[in-house]
Amino acid sequence: MATASHTVEVNVPQKDVWDFVSKMENWATLVPGYREHEMMDEQHSNWTFAGNVGVLKKEVKVEITITSWDEPNKISFTLTGLTDKFTGNGYFEGEAISEEKTKMTGYLEVKAGGFAAPVLNPIFQAVLPKATSMLTNRVANRIGLVHV
C-alpha cells in the first residue's frame, strides 16, 4: 500500500479552503494526469487520467466517491479503479492557524490488487508522493497565495 501526504499554508480563512475543496468538481482538473471527468452527482464521479512510467503510457479510469463532509475541516473520499484493480482513499483537511491563514493537508492512499499488484504497488509507492504534493499545491495555489 502506498501513502502520501503534503501540507501547505494558505493565506485565506479556513472557510475559503472548505468552500473550494468541499466540491470535487473544483479540484478534479488539478489532479496530475487529468484528462476528463463526469459528475454522477455531488458525491460520485468518474475520472480519466493518463500517466507515464518510464516508456509506459497508461490511461486509467477511477470512480471517486465522497465519503464524508466534515465542515469546515475535512472532506474524505474513496478511489476505485475502473480499468485496473486498485482501491484507495484520501482527504483534504483544513486547520485554521489564524483568521486569515489555514494549514491545508492533502492525503492519498492507494493499493493495487489482483495479478498486477506486484507490479503496480511499487509504481504507486514511487509516484504517489509527487502526485500528492502536486495536487495539494495546485489546490492551494487555486485558492490563494501559498507558503510551502
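The values are calculated or read from the model by the stated rules, or taken from the named source; none is laboratory data. Everything numeric in this text was worked out from a predicted model, so none of it was measured. Heads up, the Cβs are rebuilt from the backbone with ideal geometry, glycines too, and the neighbour counts pull from every protein chain shown.
Assorted remarks:
- Every test in (1) surrounded by fewer than 17 Cβ atoms within 10 Å (Cβ to Cβ); (2) farther than 17 Å from ALA2 by Cα; (3) of a type in the set (Gly, Ala, Ser) is passed by GLY51 save one, and that test is (2).
- Test: residue in segment 95-110 that is buried (at least 19 other Cβ atoms within 10 Å of the Cβ), β-branched (Val, Ile, Thr) and closer than 17 Å to PRO32 by Cβ: yes
- SER133 among the hydroxyl-bearing types (Ser, Thr, Tyr) and either surrounded by 15 or more Cβ atoms within 10 Å (Cβ to Cβ) or within 11 Å of the chain's Cα centre (by Cα) (or both): yes
- Hey, ALA96 in a helix (DSSP H, G or I) and of a type in the set (A, V, I, L, M) or not: no
- Qualifying residue in segment 61-73 (condition: farther than 19 Å from TRP18 by Cβ and crowded, with 19+ Cβ neighbours inside 10 Å): yes
- Number of positions in segment 74-83 that are surrounded by fewer than 16 Cβ atoms within 10 Å (Cβ to Cβ) and more than 25 Å from ASP19 (Cβ to Cβ): 3
- Answer from THR48, THR29 - the residue that is under 12 Å from the mean Cα position of the chain (by Cα) and of a type in the set (Val, Ile, Thr): THR29
- The listed residues are THR83, THR132, THR87, and the only one of them that is of a type in the set (Ser, Thr, Tyr), assigned to a strand (DSSP E or B) and more than 19 Å from PRO72 (Cβ to Cβ) turns out to be THR87.
- Search result, residues across segment 1-23 that are among the hydrophobic types (A, V, I, L, M, F, W, C) and under 24 Å from LEU120 (Cβ atoms): MET1, ALA2, ALA4
- Subset of segment 95-125 that is of a type in the set (Val, Ile, Thr) and either within 20 Å of the chain's Cα centre (by Cα) or modelled with pLDDT of 95 or more (or both) - its residue that is nearest to THR7 (Cα to Cα): THR105
- Scanning segment 1-42 for residues that are in contact (Cβ under 8 Å) with a residue 24 or more places away in the chain and of a type in the set (S, T, N, Q) returns THR3, SER5, THR7, ASN11, GLN14, SER22, ASN26.
- Residue count for segment 91-126 satisfying the condition of being hydrophobic (A, V, I, L, M, F, W, C) and within 29 Å of GLN14 (Cα to Cα): 6.
- Subset of segment 21-46 [surrounded by 15 or more Cβ atoms within 10 Å (Cβ to Cβ), assigned to a helix (DSSP H, G or I) and either modelled with pLDDT of 95 or more or touching a strand residue (DSSP E or B) at 6+ places or on another chain (Cβ under 9 Å) (or both)]: VAL21, MET24, TRP27, ALA28
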